[in-house]
Structures are given as structure tokens and as C-alpha cells.
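Contents: one structure, followed by commentary.
The values are calculated or read from the model by the stated rules, or taken from the named source; none is laboratory data. No experiment lies behind these values; they were computed from the predicted model shown. Neighbour counts run over all protein chains shown; Cβ positions are idealised from the backbone, glycine included.
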């Protein structure tokens with residue numbers, strides 16, 4: 001780790017999770033670290049500040065504690081801003097696929113005005129259809145990203161990320177929290193899917209609500225079977241997904257991990273481009289899978305610390321580098337994989353955990369389109 005000096009590289013600030021008896025607690029330590037990292041340089045006077053985080057799926061308890069969200073929200077208020085916590089609905093069946101269930105999930109997991117000091121607004125509305133088309137600067141895979149309207153209405157964007165493993169993208173860091181997390185249900189579908197919708201006729205109730213959302217003639221109702229069908233005119237926009245309350249719509253053709261990562265980077269660029277942003281990642285309880293799972297496996301490495309930067313690409317790279325330097329924990333998915341006969345060492349923590357995953361392509365593409373730099377200066381606070 002370096003000490004602060006003058007370089008052209010983006011700065012990533014770091015502090016560990018150690019505390020002194022009767023000294024500052026971790027939320028206070030986080031507040032001091034983000035102050036040192038320069039969050040106070042943003043003019044927040046009277047401005048709305050979206051704090052994007054993951055409220056955790058029901059059954060999963062590795063998400064960030066509400067205390068950390070309160071530390072960030074309190075700092076924003078101290079700087080004159082108007083903070084709110086936000087996330088967008090999920091594309092899959094679970095406890096966060098519409099705003100009512102999403103809010104109930106957040107409350108059950110401890111997030112509320114009393115515990116966090118600010119309101120919660122689900123970014124893409126009741127059914128996940130309240131989004132806005134945002135041009136993607138430098139977009140190669142996505143020209144217009146479908147981002148939750150409340151996220152884009154904010155004057156300032158702050159990401160608060162639980163850095164952990166992920167079964168497809170290698171890890172879930174700031175770029176995934178921003179790009180995938182801020183996409184509406186249709187936006188998430190666009191990133192994940194390379195094909196058309198499909199109908200599960202067993203779940204279809206014949207209510208035809210999805211048909212009203214389709215602007216392309218991609219859905220057709222069968223009067224005889226009272227079921228919906230997908231036509232060749234379906235463009236895979238995902239609008240129908242948000243209209244269905246019965247989990248009858250799915251997208252079976254998934255993009256390759258590399259394409260998913262590149263779309264995710266472009267979505268993240270759409271979210272932060274043109275307004276002040278600041279990014280915080282906590283590397284703790286590093287489970288092998290996403291917090292979207294309804295369970296969390298044992299951490300694969302020890303808790304490392306808290307990171308912050310104005311550059312989300314540098315932040316993800318710094319967190320990944322710190323994880324690569326850590327010793328895998330026993331009785332974890334990584335340890336189990338490494339103990340198998342014929343184990344192939346990828347010299348990469350996340351690939352050793354999930355060999356089919358990929359994380360490098362996301363950071364490479366993010367750097368290519370000008371979202372940030374993979375080179376950084378690490379400053380320990």
C-alpha cells in the first residue's frame with residue numbers, strides 16, 4: 001500500500017476493519033474514510049443523492065448492514081444533501097421483483113428510515129417498468145440503457161457495494177452494483193439475454209397484462225387455450241417481464257459471460273455519466289455467490305476492509321487485487337475446489353471458486369469506453 005502523493009492515477013482509499021477498544025466503531029470509521037477520500041468535494045447543498053445498494057434477498061444474510069448505509073446517509077446530510085437509498089427490481093422470481101415485495105424485503109432485513117436515517121425509493125417503480133432510456137457514451141453493445149427513473153432523477157449518485165463473489169461475473173463489485181443494479185427489469189433482461197421471451201404456459205393465467213406492455217407485436221393471445229404466446233416479432237426488450245405477476249415469462253438464451261460483463265460496464269457508464277458520483281465498496285463476508293441468492297455460503301476469504309474512490313473501475317480493480325492477495329479460508333467453496341483431484345489452479349481467486357466465471361472483461365471494457373482506469377494509487381487511511 002502506498003502513502004498519499006501526487007500522481008495522475010485515480011486514488012483509491014482504504015481502511016481495514018480493525019478497531020481500538022472504546023474507540024471508533026466501524027460506521028464512524030467508514031465516515032472518516034469517505035471524508036478523507038473526498039466525498040465532501042461534491043457540492044451536495046440541497047441536492048438529491050441516490051445511495052445505491054443491495055437490500056439482500058430474504059434468507060441471505062451476507063448483505064451490508066444498515067449501519068453502513070446510515071453512515072453514508074448521515075455524511076450526505078452533513079454536507080447539505082438529501083439522501084435516499086435505492087435499488088431496482090429484479091428480473092427473476094424472488095423477494096424483490098416488485099416494489100411492494102422489495103420494500104418488505106428491505107424492512108425485514110433491517111433497512112428503514114429509523115435504522116438508516118433516510119427514505120427508501122425503489123428505482124424502477126411498482127412493477128419494474130418505470131425506467132428511462134439513457135444514451136450510452138461509447139456504447140458498443142447497448143445504445144440506450146434502461147435505467148430506473150428515480151436513479152436518474154437524482155442529482156448525485158453514490159454506490160455502496162458489498163464486494164463478493166459471483167457465479168457468472170466472477171465478483172459483484174461497484175460496476176455490477178451500478179450497471180446491473182440500476183437497470184430496470186427490462187434493463188436487467190437486456191444485459192442477461194441475447195434472445196426472445198418464452199412463456200411458461202403452466203404459470204400463464206391469460207390475464208393479457210403483458211400484451212399491453214408490448215410495443216412490437218411480440219405477444220399473441222390464444223383464445224382457445226387462453227394462454228399467451230411469443231411471436232417472431234419479439235425483440236427481447238423485457239417489458240413483458242415486469243407486467244407478469246405470475247412468473248410466466250422468462251428469457252432462455254443467456255449472453256456469454258463476456259458479453260454480459262461488457263453490457264454491464266456500458267450500463268454503469270450510462271448511470272454515472274454527466275453528474276457527480278462517488279463509490280464505496282466493503283470487502284467483507286465474501287460469499288462465493290451473489291447476494292441475490294436466497295442463501296449465502298461460507299466466506300471464501302477473510303474480511304479485508306473498506307475502499308472508496310471517485311473511479312468505479314479503479315475501485316473494483318483495487319478490491320480484486322486485495323482479494324487475490326488473501327489466503328482462501330478452509331471449509332469454503334474455494335478450499336473445496338482446490339482439494340479436488342485434478343484441480344486446475346487458475347491463479348485467480350474468483351476463477352478457482354467459479355471456473356466458468358469471468359471478471360476481467362468487464363473492467364477491460366469499462367476502461368476502453370472511458371468509465372475509469374484499472375491503474376490506481378492505493379492510499380491507506
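Quick notes on this one:
- Segment 330-372: number of residues that are within 30 Å of residue 143 (Cα to Cα) and part of a loop (DSSP other than H, G, I, E, B): 8
- Among residues of segment 54-112, those that are in contact with a strand residue (DSSP E or B) (Cβ under 8 Å, 6 or more places away or on another chain), under 24 Å from residue 238 (Cβ atoms) and either free of Cβ contacts under 8 Å to residues at least 12 places away in the same chain or surrounded by fewer than 22 Cβ atoms within 10 Å (Cβ to Cβ) (or both), counted: 2
- One residue stands out in segment 163-178 among those that are modelled with pLDDT under 95 and outside any strand (DSSP E or B): the one that is nearest to the chain's Cα centre (by Cα), namely 169.
So that you can scan it fast, the table gives a plain yes or no per residue for (1) part of a helix (DSSP H, G or I); (2) farther than 30 Å from residue 369 by Cβ; (3) in contact with a helix residue (DSSP H, G or I) (Cβ under 9 Å, 6 or more places away or on another chain):
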| residue | (1), (2), (3) |
| --- | --- |
| 89 | no, no, yes |
| 93 | no, yes, no |
| 96 | no, no, yes |
| 104 | yes, yes, no |
| 145 | no, no, yes |
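- Failed condition for residue 216, given (1) free of Cβ contacts under 8 Å to residues at least 60 places away in the same chain; (2) surrounded by fewer than 24 Cβ atoms within 10 Å (Cβ to Cβ); (3) touching a strand residue (DSSP E or B) at 6+ places or on another chain (Cβ under 8 Å): (3)
- Residue count for segment 294-335, restricted to those that are surrounded by 14 or more Cβ atoms within 10 Å (Cβ to Cβ) and more than 30 Å from residue 367 (Cα to Cα): 7
- For segment 287-310, taking the residues that are in a loop (DSSP other than H, G, I, E, B) and touching a helix residue (DSSP H, G or I) at 6+ places or on another chain (Cβ under 7 Å), the one that is nearest to residue 268 (Cα to Cα) is identified as 288.
- Residue 180 falls short on exactly one of the conditions (1) without any contact (Cβ under 8 Å) to a residue 12 or more places away in the chain; (2) under 20 Å from residue 236 (Cβ atoms); (3) out of contact with any strand residue (DSSP E or B) (no Cβ under 8 Å at 6 or more places or on another chain), and that condition is (1).
- Qualifying residue in segment 6-22 (condition: surrounded by fewer than 22 Cβ atoms within 10 Å (Cβ to Cβ), in contact with a strand residue (DSSP E or B) (Cβ under 8 Å, 6 or more places away or on another chain) and modelled with pLDDT under 95): yes
- In a residue-by-residue description of segment 41-60, the property of being assigned to a helix (DSSP H, G or I) and in the same structural domain as residue 308 (by TED's automatic domain parsing) applies to at least one position.
- So residue 287, is it farther than 25 Å from residue 138 by Cα, in contact (Cβ under 8 Å) with a residue 24 or more places away in the chain and under 17 Å from the mean Cα position of the chain (by Cα): yes
- Yes/no for residue 270 being modelled with pLDDT of 95 or more, touching a strand residue (DSSP E or B) at 6+ places or on another chain (Cβ under 7 Å) and in the same structural domain as residue 76 (by TED's automatic domain parsing): yes
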